[in-house]
Amino acid sequence: MENFRIIFLFSFLIITKCVLCQGCEMYILQLNTGDWAEEYSWSITDNQGVLIDTSSINYLNYLEYLDTICIVEGCYFLNLYDSYGDGWQGGTYSFLSDSGTLIASGHMEGSYFNSSQGFCVPEEIADSCSANSLMLTISTGGSAEEVSWSIYDSLGTVLDTSDFYEPYQYINYTTYQHDICLADGCFYFNMYDSYGDGWQGGFLIIEDNQSNIVSVGDLPTGFYGELSFSLNSDCDFDICTDESANNYNEVSSSGCIYISHNTSLYGQWSDENLPINSLDGSYSEVYGYEKEGREYAIIGSTNGTHIIDINEPGSLIEIAFIQGSWSGSGVIHRDYHIIEDLLYAVCDQGESTLQIIDLSNLPESTDVVYDSNELFSRSHNIFIDTISQKLYSCSTEGYDDLGNFWNSSLCVYDISSPLQPSLLHNMNEYMPNTHDIWVDNDTAFINCPGNGTLVWEFTSQPTQISSFTSYPDFGTNHSGWKSGDIYVFAEENNGYDLKIVDASNISDLELISIFNSNVNEFSIAHNLMIKDNLVYISYYQDGLQVFDISNPNNPIRIAYYDTYIPENTGGYAGAWGVYSFLPSGRILISDVQSGLFVVNMEYVESQEIAINSGWNLISTYLKNDTLNPTNFIGENANNIIIMKNNLGQAFIPSLNFDGIGYLEYGEAYQIKANDSFFLDIYGHYLSSFSIVLDEGWNMIAVLNKAEQPIEEVLINCEQDLIIVKNYLGDAYLPEWQFNAIGNMIPGQGYQTKMNAVSEIIFNVE
């Protein structure tokens, strides 16, 4: 009965408030609290200082509060107060129309007792605008009080200006939306900065009433900049006529904007209630995990660690959350690494801990099995050498048993007993500050800002092997990854190139080539991974960038996905982390402002396969999980009599019969054709793959792109091999040292007879 009275009273107050506010419009103030919410309060005043509304309750930490406010068209101040004087500690607000349109949003950070943030409630024009109804969104960065703008037509007539909306200065890191009504024509959006140093991370977006982007941009530097756009008119501008462009529509002609190439968005996740940090975002590192065929993304935030189920496209669901021992707007970075089913989690700020989280029961539950600052409190980055069972912690800080603070450039811990980690080496006196590290079987490549890359061996007695300090764009050596004999690393400096290094001799590293996204002179490569000769890079403000380094002398950008639409100004915004090792091939990206992106790679190669009249034994080195006999044969179905796999299961087009189903990568297939033709196959090339050979007869594919002597390809299974035959009946019998086949040819298949189970390994690295 008590709960009923509370709900009824709340509903009565809302209804009463709505009745009393006749003649004005209803708006919603959404308040999301952070730490020390009991210190929060607020008020709304008009531009004459008259009180419109004020807070009336005591707030609790990490909750969402909604308050309805009835006001008329005009400009107002939302006054934020903190009784202790240390800001709102991660608390944020959003001011919305009753339809959910964002009017303004912001927060109060730093050592402040109060902050006044302005907003305007515009006249609703959607119904009254007989021309083109547009929405202008202004998202401010730093020094927002210097920002202003205007819109001119082609004759130089001022049609709209910030002076019409804002009789006061813009507020830092706040979003404003203005309704604009323009006739058809050619227009110029003029951006001004009174100090002359640009909009400092601020940006604008103009959209029509169908949410199509008409124009987007910012002022990276200077006092003035201009954007041109048209509305249903032929103007002397760059016209976007490409329907695949992000901003293509019949209204826009501001030039094409692309957010992706050879990638597609699988899904996105974020939590709008998280505290905002000094980077104007909430997210940091991302990691991936697979269990029993299901895949999960792990992303760090200002509050802790989020486990996201990513198994349904377009529907990413948070299934677990692990609170960090230190959380709030002061958190910038969390980092992760997994060994078996254990997730190791660290944080680089505050009174943090090393957390070890058991993921083996996902999706039902997670279990924090270790949470302690006994070894250390803070760490910038960690890496686990799964072979040697060692945890490496870069830029580590903590307190000893007497409460004395200590720090180290690098600490190495024994995790052979995963829940009882112990210190092996404190390397502080042996090397400078470290930022990141890559390790395999005790060999470590260490990124040392200002000191290049160091190579150390961490056996019983750590030993430095070499250093790499002489190369172009020497700067803040930030992160790197090794694959085979290739090592790639990045500098965290505006516009600096990534380096590809020959690491075949770790005592003498040699530079092979350099490369860059070339998106913008301010671009910063942040983190990277290498898989199958592809380098996946998270670029601040440029999103995911993917390069093919199969020829390390000539790296080629093959794909990208931009997670951050505003113009690049060189700050730490946009993509932070990347993870590229999920079995599905999906790529995880963490964006500081926008959370988790899951992206599908669509970069494909093609292979032409010759089919002769009569019987053929064919295969492909391209992996494509969607291939079945119908789309494999394509338009040539009328020319195919039968297609069979090694088990004798058949595909007969004339009978519309398919007993094969999806094609197995690594297997060969027999095809009988009426006439000769060529097949064009599309898919992804894997630089490393193994084929299991069963006892008895097999039909195997050639997974190399180039011809290779048969004895080299089959060297791993030669002792169990009885005979190999091609489609002509030519044979290879190793026991008799008889070889009538010579080279194994891509596109062809081969029959093998084995006297035991064995394996063929294709590896071009």
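Sort out for me the strands (runs of 3 or more DSSP E) sitting completely within region 578-650 that have 1 or more residues that are closer than 28 Å to Gly480 by Cβ, of a type in the set (Ser, Thr, Tyr) and in contact with a strand residue (DSSP E or B) (Cβ under 8 Å, 6 or more places away or on another chain).
Numbers: elements: 587-591, 595-601, 605-611, 614-618, 640-644.
Correct list: 587-591.
Identify, from the list Ala731, Ala701, the residue that is assigned by TED's automatic domain parsing to the domain that holds Gln649, of a type outside the set (Phe, Trp, Tyr) and touching a residue at least 60 places away in the same chain (Cβ under 8 Å). Lay out the reasoning, then the answer.
Numbers: Ala731 fails: touching a residue at least 60 places away in the same chain (Cβ under 8 Å).
That would be Ala701, the only listed residue that is assigned by TED's automatic domain parsing to the domain that holds Gln649, of a type outside the set (Phe, Trp, Tyr) and touching a residue at least 60 places away in the same chain (Cβ under 8 Å).
Test Gln737 against the stated conditions and say whether it is polar (S, T, N, Q) and over 44 Å from the mean Cα position of the chain (by Cα).
Details: polar (S, T, N, Q): yes; over 44 Å from the mean Cα position of the chain (by Cα): yes.
When the stated conditions are applied, Gln737 passes them.
Pairs only if they're at least six apart or on different chains, beta carbon under 6 angstrom, first in region 263-287 and more than 17 Å from Gly91 (Cα to Cα), second among the hydroxyl-bearing types (Ser, Thr, Tyr) and assigned to a strand (DSSP E or B); list them, first residue then second.
From residues that are more than 17 Å from Gly91 (Cα to Cα), the pairs are Thr263/Tyr561; Glu285/Tyr336; Val286/Tyr579; Val286/Ser590; Tyr287/Tyr336; Tyr287/Tyr579.
From Thr386, Thr396, which residue is in the same structural domain as Gln461 (by TED's automatic domain parsing), modelled with pLDDT of 95 or more and under 23 Å from Gly450 (Cβ atoms)? Spell out how you get there, then give the answer.
Working: Thr386 fails: under 23 Å from Gly450 (Cβ atoms).
Exactly one residue qualifies, and that residue is Thr396.
Does any residue in region 75-86 that is closer than 15 Å to Glu38 by Cβ come within less than 9 Å, Cβ to Cβ, of a residue that is buried (at least 19 other Cβ atoms within 10 Å of the Cβ) and of a type in the set (A, V, I, L, M) six or more places away or on a different chain, and which pairs are these?
Matching pairs, first to second residue: Leu80/Met108; Tyr81/Met108; Asp82/Met108.
Condition check ((1) at pLDDT below 80; (2) closer than 19 Å to Leu134 by Cβ; (3) buried (at least 22 other Cβ atoms within 10 Å of the Cβ)) across all residues:
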| position | (1), (2), (3) |
| --- | --- |
| Ser83 | no, no, no |
| Trp88 | no, no, yes |
| Ser97 | no, yes, no |
| Gly110 | yes, no, no |
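Take the residues in region 363-377 that are in contact (Cβ under 8 Å) with a residue 12 or more places away in the chain and either part of a strand (DSSP E or B) or in contact with a helix residue (DSSP H, G or I) (Cβ under 8 Å, 6 or more places away or on another chain) (or both), then tell me which one is surrounded by the most Cβ atoms within 10 Å (Cβ to Cβ).
Among them, the one singled out is Tyr370.
Considering only region 311-344, how many residues are assigned to a loop (DSSP other than H, G, I, E, B) and either not assigned by TED's automatic domain parsing to the domain that holds Asp280 or not aliphatic (A, V, I, L, M) (or both)? Spell out how you get there, then give the answer.
The first filter runs over region 311-344 and keeps only residues assigned to a loop (DSSP other than H, G, I, E, B), leaving 311-316, 324-333, 340-341.
Next cut, either not assigned by TED's automatic domain parsing to the domain that holds Asp280 or not aliphatic (A, V, I, L, M) (or both) only: 311-315, 324-330, 333, 340-341.
The total comes to 15.
Per-residue answers, yes or no, for (1) within 30 Å of the chain's Cα centre (by Cα); (2) among the charged types (D, E, K, R); (3) under 26 Å from Tyr487 (Cα atoms):
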site	(1), (2), (3)
Gly398	no, no, no
Asp401	no, yes, no
Leu424	no, no, no
Asn428	no, no, yes
Ile437	yes, no, yes
Asp440	yes, yes, yes
Ile446	yes, no, yes
Thr453	yes, no, yes
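Give me the pairs, please: first residue somewhere in region 466-482 and over 15 Å from Glu492 (Cα atoms), second residue anywhere and of a type in the set (A, V, I, L, M) and outside any strand (DSSP E or B), beta-carbon distance under 9 Å, and either six or more positions apart or on two chains.
The qualifying pairs are Ser466/Ile506; Ser466/Leu509; Ser467/Leu509; Phe468/Leu509; Lys482/Ala503.
Run Ala320 past the list (1) closer than 23 Å to Thr33 by Cα; (2) touching a residue at least 60 places away in the same chain (Cβ under 8 Å) and report the number of the one that doesn't hold.
Of the numbered conditions (1) closer than 23 Å to Thr33 by Cα; (2) touching a residue at least 60 places away in the same chain (Cβ under 8 Å), the odd one out for Ala320 is (2).
Determine whether Tyr487 is assigned by TED's automatic domain parsing to the domain that holds Lys390, modelled with pLDDT of 95 or more, aromatic (Phe, Trp, Tyr) and under 23 Å from Val578 (Cβ atoms). Working first, answer last.
Working: assigned by TED's automatic domain parsing to the domain that holds Lys390: yes; modelled with pLDDT of 95 or more: yes; aromatic (Phe, Trp, Tyr): yes; under 23 Å from Val578 (Cβ atoms): yes.
So Tyr487 passes the test.
Among the residues of region 172-194, write down those that are of a type outside the set (A, V, I, L, M, F, W, C), closer than 16 Å to Ser143 by Cβ and assigned to a strand (DSSP E or B). Steps first, answer last, please.
Step one: of region 172-194, the residues of a type outside the set (A, V, I, L, M, F, W, C) are 172-179, 184-185, 188, 190, 192-194.
Of the ones still in play, those that are also closer than 16 Å to Ser143 by Cβ are 172-174, 176, 192-194.
Hits for region 172-194 are Tyr176, Tyr192, Asp193.
Any idea which of Ile691, Ile671, Ile761, Ile700 is more than 30 Å from Arg586 (Cβ to Cβ) and among the β-branched types (Val, Ile, Thr)?
Numbers: Ile691 fails: more than 30 Å from Arg586 (Cβ to Cβ); Ile761 fails: more than 30 Å from Arg586 (Cβ to Cβ); Ile700 fails: more than 30 Å from Arg586 (Cβ to Cβ).
Testing whether each residue is more than 30 Å from Arg586 (Cβ to Cβ) and among the β-branched types (Val, Ile, Thr) leaves just Ile671.
Restricting to region 282-302, name every residue that is outside any strand (DSSP E or B) and surrounded by 22 or more Cβ atoms within 10 Å (Cβ to Cβ). Even if it seems obvious, please write down each step before you answer.
So in region 282-302, the residues outside any strand (DSSP E or B) come out as 282, 292-293, 302.
Answer for region 282-302, where residues must be outside any strand (DSSP E or B) and surrounded by 22 or more Cβ atoms within 10 Å (Cβ to Cβ): Ser282, Thr302.
When only residues in region 154-201 that are modelled with pLDDT under 85 and of a type in the set (A, V, I, L, M) count, which is farthest from Ser215 (Cα to Cα)?
Ile171
Residue under question is Asp625, and the condition is that it be of a type in the set (D, E, K, R) and either at pLDDT 90 or above or in the same structural domain as Ile514 (by TED's automatic domain parsing) (or both); does it hold?
Working: of a type in the set (D, E, K, R): yes; either at pLDDT 90 or above or in the same structural domain as Ile514 (by TED's automatic domain parsing) (or both): no.
Judged against the criteria, Asp625 is not a match.
Test each condition in (1) in contact with a Ser or Thr (Cβ under 7 Å, 6 or more places away or on another chain); (2) part of a strand (DSSP E or B) for Ile308 and report the one that comes out false.
(1)
Just to check your reading of the model, which residue among Gly350, Gly324, Gly328 is of a type outside the set (D, E, K, R), at positive phi and surrounded by 20 or more Cβ atoms within 10 Å (Cβ to Cβ)?
On the way: Gly350 fails: surrounded by 20 or more Cβ atoms within 10 Å (Cβ to Cβ); Gly324 fails: at positive phi.
Gly328 is the lone residue from the list that is of a type outside the set (D, E, K, R), at positive phi and surrounded by 20 or more Cβ atoms within 10 Å (Cβ to Cβ).
For region 650-689, how many residues are more than 23 Å from Glu759 (Cα to Cα), surrounded by fewer than 18 Cβ atoms within 10 Å (Cβ to Cβ) and free of Cβ contacts under 8 Å to residues at least 60 places away in the same chain?
Adding up the residues that qualify gives 10.
May I ask you to verify whether Pro432 is at pLDDT below 95, in contact with a strand residue (DSSP E or B) (Cβ under 9 Å, 6 or more places away or on another chain) and either more than 30 Å from Asp485 (Cα to Cα) or surrounded by fewer than 22 Cβ atoms within 10 Å (Cβ to Cβ) (or both)? Explain how you work it out, then say what you get.
On the way: at pLDDT below 95: yes; in contact with a strand residue (DSSP E or B) (Cβ under 9 Å, 6 or more places away or on another chain): yes; either more than 30 Å from Asp485 (Cα to Cα) or surrounded by fewer than 22 Cβ atoms within 10 Å (Cβ to Cβ) (or both): yes.
Spelling it out, Pro432 is indeed at pLDDT below 95, in contact with a strand residue (DSSP E or B) (Cβ under 9 Å, 6 or more places away or on another chain) and either more than 30 Å from Asp485 (Cα to Cα) or surrounded by fewer than 22 Cβ atoms within 10 Å (Cβ to Cβ) (or both).
List the number of the failed condition for Tyr564; all other conditions in (1) crowded, with 18+ Cβ neighbours inside 10 Å; (2) in a loop (DSSP other than H, G, I, E, B); (3) over 16 Å from the mean Cα position of the chain (by Cα) hold.
So the condition that Tyr564 fails would be (3).
Condition (residue is of a type in the set (D, E, K, R), surrounded by 18 or more Cβ atoms within 10 Å (Cβ to Cβ) and more than 25 Å from Ser687 (Cα to Cα)) applied to region 474-494: is it met by at least one residue? Spell out how you get there, then give the answer.
So in region 474-494, the residues of a type in the set (D, E, K, R) come out as 482, 485, 491-492.
Going one step further and asking which of them are surrounded by 18 or more Cβ atoms within 10 Å (Cβ to Cβ), we end up with 482, 491-492.
Still in the list and also more than 25 Å from Ser687 (Cα to Cα): 491-492.
Yes, the conditions are met somewhere in region 474-494.
Could you check, for region 260-268, whether at least one of its residues is outside any strand (DSSP E or B) and modelled with pLDDT under 90?
Initial filter on region 260-268 (outside any strand (DSSP E or B)): 262.
The next check asks that each one be modelled with pLDDT under 90; those that pass are 262.
Checking region 260-268: at least one residue is outside any strand (DSSP E or B) and modelled with pLDDT under 90.
Looking at Asn616, Asn638, Asn624, Asn646, which one is more than 43 Å from the chain's Cα centre (by Cα) and surrounded by 13 or more Cβ atoms within 10 Å (Cβ to Cβ)?
Numbers: Asn638 fails: surrounded by 13 or more Cβ atoms within 10 Å (Cβ to Cβ); Asn624 fails: more than 43 Å from the chain's Cα centre (by Cα); Asn646 fails: more than 43 Å from the chain's Cα centre (by Cα).
After ruling out the rest, the residue left standing is Asn616.
The values are calculated or read from the model by the stated rules, or taken from the named source; none is laboratory data. Please read all numbers here as calculations on a predicted model, not as lab measurements. Cβ coordinates were reconstructed from backbone atoms using ideal geometry, including for glycine residues, and neighbour counts include every protein chain displayed.
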